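> One structure coming up, written as structure tokens, with questions to follow.
The values are calculated or read from the model by the stated rules, or taken from the named source; none is laboratory data. What you are looking at is a predicted structure, and each value in this text was computed from that prediction instead of being measured. Here Cβ is always computed from backbone atoms with ideal geometry, including for glycine, and neighbour counts include all displayed protein chains. Ligands, DNA and RNA are excluded from the accessible area calculation, which covers all protein heavy atoms including side chains. Shrake-Rupley method; radii C 1.70, N 1.55, O 1.52, S 1.80 Å.
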Amino acid sequence: MPRSLMPRWRDYGRPRELVLRYLLLLFVLGITVGPLLWQFLASLKGTGEDVFGENASLLPHDPTLRAYREVFEQVPVATYIWNSLFVVVLSVTSQLLFSTTAGYMLSKPAWKGRRAVWVLLAASMMFPFESIMVSLFLSIRDLGLVDSLVGVWLPGFVGAINVLLMRGAFLAVPREIEDSAMIDGAGEWQRFRHLYLPSAWGAILVVVINTFIAAWDDFLWPLIVLRSEANMTLTLGLSRLQSSSFGYDQRVVMAGSVISIVPVLVLFFLTQRWFYKGVSAGAVKL
């Protein structure tokens, strides 16, 4: 490469600004990744090492997987994982089905009330889940879905944010392309399936990731709905490790937390390249 084309330090800013930028990035990295790393290292400590206190060290002196073995011995982790996967599959399927179709309809300008529906969906995101939690539970109880995985899934079968995200992605499709497809004889379903969905794959992936994380990490709603251990999801079931009946070993609790976040981390690292593109492609548009 010619020397004139090689990047120079001043192309990235002044040295002082560059150092400040990296210090800020390291600070943010420490806040976000630091607790996860500390939790993982604490789960590897033996029974003779302190997790908290003045004598506690960051690195384990004698790393061991004893805490992970005890997690699988004390609680039925396989059952919890299966229940969580069942809820996740239902949530992802329903979110994709309804958010894509509803977002497609909201992106069409040829019907009255479209903007009113958009405003209602946007306004619904202003209310926290806790404000409607009691009414949701009463509805689930009347349907006879208490202590069932369907009762855990049903309130989140579609989300307003995902509908608006898909609407924004579909609005980015040029109108001229759809007009050309209509001239070629493509019907509504054909245009939706072969034109709009392929162009919005990035936003679809964002919906999948967000839905997966929300369904997998949900704790409050399963705590309210579920009763029996056989129906508990992973996050709810692993919380039993903190009860006195299991001795409350801090290392075992840390190991259970690490187990619960591994699928989320794996999914995000595998799809992060397309995730950020999908966020920008599906930005909510007025």
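> Within region 88-114, count every residue that is open to solvent by 30 Å² or more (accessible area, probe 1.4 Å), of a type in the set (Val, Ile, Thr) and over 22 Å from PHE219 (Cα atoms).
Number of matching residues: 1.
> If you scan region 42-62, which residues turn out to be out of contact with any helix residue (DSSP H, G or I) (no Cβ under 8 Å at 6 or more places or on another chain) and either loosely packed, with under 13 Cβ neighbours inside 10 Å or on the phi > 0 side of the Ramachandran plot (or both)?
Selection gives GLY48, ASP50, GLY53, GLU54, ASN55, ALA56, SER57, HIS61, ASP62.
> Also: Might you check whether a residue that is closer than 30 Å to GLY48 by Cα and at pLDDT below 80 occurs anywhere in region 267-285?
no
> Is it true that ALA181 is in contact with a Leu (Cβ under 9 Å, 6 or more places away or on another chain) and open to solvent by less than 60 Å² (accessible area, probe 1.4 Å)?
Spelling it out, ALA181 is indeed in contact with a Leu (Cβ under 9 Å, 6 or more places away or on another chain) and open to solvent by less than 60 Å² (accessible area, probe 1.4 Å).
> Taking the condition without any contact (Cβ under 8 Å) to a residue 40 or more places away in the chain and among the aromatic types (Phe, Trp, Tyr), does TRP153 pass? Show your work before the answer.
Numbers: without any contact (Cβ under 8 Å) to a residue 40 or more places away in the chain: no; among the aromatic types (Phe, Trp, Tyr): yes.
It is false that TRP153 is without any contact (Cβ under 8 Å) to a residue 40 or more places away in the chain and among the aromatic types (Phe, Trp, Tyr).
> For ALA169, only one of the following conditions fails: (1) over 28 Å from LEU197 (Cβ atoms); (2) touching a residue at least 24 places away in the same chain (Cβ under 8 Å); (3) assigned to a helix (DSSP H, G or I). What is its number?
Failed condition: (1).
> Which number in (1) more than 28 Å from GLN272 (Cβ to Cβ); (2) part of a helix (DSSP H, G or I); (3) among the basic types (Lys, Arg) marks the one condition that ARG227 misses?
Condition (2) is where ARG227 drops out.
> Can I ask one more? Take the residues in region 184-198 that are open to solvent by 60 Å² or more (accessible area, probe 1.4 Å) and assigned to a helix (DSSP H, G or I); name whichever of them is modelled with the lowest pLDDT.
Filtering region 184-198 for residues open to solvent by 60 Å² or more (accessible area, probe 1.4 Å) gives 184, 188-190, 193-194, 198.
Those still in the list that are assigned to a helix (DSSP H, G or I) too: 188-190, 193-194, 198.
Numbers: GLU188: 81, TRP189: 86, GLN190: 86, ARG193: 86, HIS194: 84, PRO198: 85.
Only one residue fits best here, namely GLU188.
> Is it the case that LEU120 is in contact with a helix residue (DSSP H, G or I) (Cβ under 7 Å, 6 or more places away or on another chain), of a type outside the set (Val, Ile, Thr) and farther than 19 Å from THR235 by Cβ? If you could, list the steps in order and put the result at the bottom.
Working: in contact with a helix residue (DSSP H, G or I) (Cβ under 7 Å, 6 or more places away or on another chain): no; of a type outside the set (Val, Ile, Thr): yes; farther than 19 Å from THR235 by Cβ: yes.
Spelling it out, it is not the case that LEU120 is in contact with a helix residue (DSSP H, G or I) (Cβ under 7 Å, 6 or more places away or on another chain), of a type outside the set (Val, Ile, Thr) and farther than 19 Å from THR235 by Cβ.
> For region 64-92, name all the residues that are without any contact (Cβ under 8 Å) to a residue 24 or more places away in the chain, of a type outside the set (Asp, Glu) and in a helix (DSSP H, G or I).
Within region 64-92, ARG69, PHE72, ALA78, TRP82, LEU85, VAL89 qualify.
> Condition first: open to solvent by 40 Å² or more (accessible area, probe 1.4 Å) and under 24 Å from the mean Cα position of the chain (by Cα). Now tell me which residues in region 137-163 satisfy that.
PHE137, ASP147, VAL150, TRP153, LEU154, PRO155, PHE157, VAL158, ILE161 - these are the residues of region 137-163 that are open to solvent by 40 Å² or more (accessible area, probe 1.4 Å) and under 24 Å from the mean Cα position of the chain (by Cα).
> Any chance region 44-59 includes a residue that's in contact (Cβ under 8 Å) with a residue 24 or more places away in the chain and charged (D, E, K, R)?
yes
> If you don't mind, another one. Of everything in region 197-236, what is free of Cβ contacts under 8 Å to residues at least 40 places away in the same chain, within 30 Å of ILE177 (Cβ to Cβ) and of a type outside the set (Gly, Ala, Ser)? Give them in sequence order.
PRO198
> Being closer than 20 Å to ASP218 by Cα and touching a residue at least 24 places away in the same chain (Cβ under 8 Å) is the requirement here; does SER124 meet it?
Here the answer is yes, as SER124 does meet what is asked.
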